[in-house]
Every structure is written in C-alpha cells, then in structure tokens.
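*Asks:* Encoded as structure tokens, here's the structure I'll be asking about.
The values are calculated or read from the model by the stated rules, or taken from the named source; none is laboratory data. Not measured: the values here are computed from a predicted model. Cβ: placed from backbone, ideal geometry, glycine included. Neighbour counts: every protein chain shown. Heavy atoms of the whole protein, side chains included, go into the accessibility calculation; ligands, DNA and RNA do not. Shrake-Rupley method; radii C 1.70, N 1.55, O 1.52, S 1.80 Å.
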Amino acid sequence: MAAALAAARRAAGAGEVPVGAVMVDGRSGVILARRHNLVLAHADPTAHAEILAIRAAAKKLGAARLKDCDLYVTLEPCPMCAQAISFARIRRLYFGAPDAKGGGVEHGPRIFAQPTCHHRPEVIGGLRATECGELLRDFFKAKR
C-alpha cells in the first residue's frame, strides 16, 4: 500500500484526484505496475489508476487474465474499475479508504456481490484507510 500511496501523492502533485494503484505478482511479490489517475492528463474519463495498472500488468505479462495478481488501491474502486478487476480475474483486491459516494465494491452497486459477476476477488478493505482518506480530503479541501 505504501507504493500505491506514493503514486497517489504523485497524482495530487499533478492536479489529478489522488488515487494510486499497484499490481503485484501474488506468487513472487514483484510489483508489475504502479499507476495513478491520469484522467485530466489523458482527457480520458476511464484513465483511473486501477484501469491503467491492469492494462500495464496485462501487457507486461502478455495475458488478459491476471489470476495470480493482487491489486492495491488507495480508494475503494468505482463500479467501472470493479468490473475491470472482475474481468481481469484478479486474485485479491486490497484498498484503503472506503468511498460511500462512488465506490462499487462495498458501496453503490457492490459489483462483486451481483449474481452476474464473472469473478469475485478476495477483498481486503481499510488498509491504511485513515492515511488514504486524509490524502483525498486534503486534496479536495485545497481545491475549494
């Protein structure tokens, strides 16, 4: 989660919503991809940290299925990202701060709980939640 937080801080420094994601090979612990939100920089509403990390790891491994990979994210993934996590068959999802307004895992549509969900990763939420949440709150406070 430390690497994901570092990525989130880079996002904040670039004026992006501070969310960071790190994809790890679950067998070796090797980091496959580190990404942060690039929605503004890419003028792309789908350029969320999770999507970018999934794409980078899939390209690095040459595989569309990341079944032995774990994803660390500083914020509960939105429904779009949760669905991408399911489609990628990610083994485990770790996230920091919950997102009552835009989350798609423990809030909102709860993608992994739907009967139509293709794959349900193991989910561990709340990792360094206070630190992850403060980073987001401070970012938005400074914007106002």
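*Asks:* Working carefully through the options His42, His48, find the one that is free of Cβ contacts under 8 Å to residues at least 24 places away in the same chain and under 17 Å from Ala12 (Cβ atoms).
*Replies:* Criteria check complete, one pass: His42.
*Asks:* Here's a follow-up. Report the residue count in segment 67-87 for those that are crowded, with 24+ Cβ neighbours inside 10 Å and over 15 Å from Val19 (Cβ atoms). Even if it seems obvious, please write down each step before you answer.
*Replies:* Restricting attention to segment 67-87, the residues satisfying the condition of being crowded, with 24+ Cβ neighbours inside 10 Å are 69, 71-77, 81-82, 85.
Filter again for over 15 Å from Val19 (Cβ atoms), leaving 69.
Of the residues in that region, 1 qualify.
*Asks:* Still on this model: Filter segment 1-30 down to residues that are in contact (Cβ under 8 Å) with a residue 40 or more places away in the chain and of a type in the set (Lys, Arg) and give me whichever is nearest to Ala84 (Cα to Cα).
*Replies:* Arg27
*Asks:* If a residue counts only when it is of a type in the set (S, T, N, Q) and either touching a helix residue (DSSP H, G or I) at 6+ places or on another chain (Cβ under 8 Å) or under 15 Å from Ala4 (Cα atoms) (or both), which strands (runs of 3 or more DSSP E) contained entirely in segment 54-144 have at least 1 such residues?
*Replies:* Because the criterion is at least 1 residues that are of a type in the set (S, T, N, Q) and either touching a helix residue (DSSP H, G or I) at 6+ places or on another chain (Cβ under 8 Å) or under 15 Å from Ala4 (Cα atoms) (or both), the strands (runs of 3 or more DSSP E) in segment 54-144 that meet it are 69-75.
*Asks:* So in segment 20-48, with the set limited to residues that are aliphatic (A, V, I, L, M) and in contact with a Pro (Cβ under 9 Å, 6 or more places away or on another chain), which one is surrounded by the most Cβ atoms within 10 Å (Cβ to Cβ)?
*Replies:* Ala21
*Asks:* If you go through segment 68-83 one residue at a time, do you hit one that is in contact with a Pro (Cβ under 6 Å, 6 or more places away or on another chain) and under 26 Å from Phe139 (Cα atoms)?
*Replies:* The answer is yes, given that some residue of segment 68-83 is in contact with a Pro (Cβ under 6 Å, 6 or more places away or on another chain) and under 26 Å from Phe139 (Cα atoms).
*Asks:* Please verify whether Gly104 is over 16 Å from Tyr72 (Cβ atoms), within 16 Å of the chain's Cα centre (by Cα), surrounded by 14 or more Cβ atoms within 10 Å (Cβ to Cβ) and of a type in the set (Gly, Ala, Ser), treating the condition exactly as stated.
*Replies:* yes
*Asks:* Within segment 35-51, can you find the residues that are more than 10 Å from the chain's Cα centre (by Cα) and either outside any loop (DSSP other than H, G, I, E, B) or of a type in the set (Val, Ile, Thr) (or both)? Steps first, answer last, please.
*Replies:* Taking segment 35-51 as the starting set, the residues that turn out to be more than 10 Å from the chain's Cα centre (by Cα) are 38-47.
Within segment 35-51, Val39, Leu40, Ala41, His42, Thr46 qualify.
*Asks:* Could you check segment 7-19 and list, in sequence order, the residues that are open to solvent by 40 Å² or more (accessible area, probe 1.4 Å) and closer than 20 Å to Leu127 by Cα? First the steps, then the outcome.
*Replies:* First, the residues of segment 7-19 that are open to solvent by 40 Å² or more (accessible area, probe 1.4 Å): 9-10, 13-14, 17.
Of everything in segment 7-19, those that are open to solvent by 40 Å² or more (accessible area, probe 1.4 Å) and closer than 20 Å to Leu127 by Cα turn out to be Arg9, Arg10, Val17.
*Asks:* Checking Val17 against (1) part of a loop (DSSP other than H, G, I, E, B); (2) more than 19 Å from Asp99 (Cβ to Cβ); (3) not charged (D, E, K, R), which single condition isn't satisfied?
*Replies:* The single condition Val17 does not satisfy is (2).
*Asks:* Taking the conditions exactly as written (in contact (Cβ under 8 Å) with a residue 40 or more places away in the chain and either more than 18 Å from Gly103 (Cβ to Cβ) or in contact with a helix residue (DSSP H, G or I) (Cβ under 7 Å, 6 or more places away or on another chain) (or both)), does Ala33 satisfy them or not?
*Replies:* Answer is no for this residue.
*Asks:* Every residue in segment 119-144 that is more than 15 Å from Pro98 (Cβ to Cβ) and exposed (fewer than 12 other Cβ atoms within 10 Å of the Cβ), please.
*Replies:* If the condition is that a residue be more than 15 Å from Pro98 (Cβ to Cβ) and exposed (fewer than 12 other Cβ atoms within 10 Å of the Cβ), then Glu122, Phe140, Lys141, Ala142, Lys143, Arg144 are the ones that fit.
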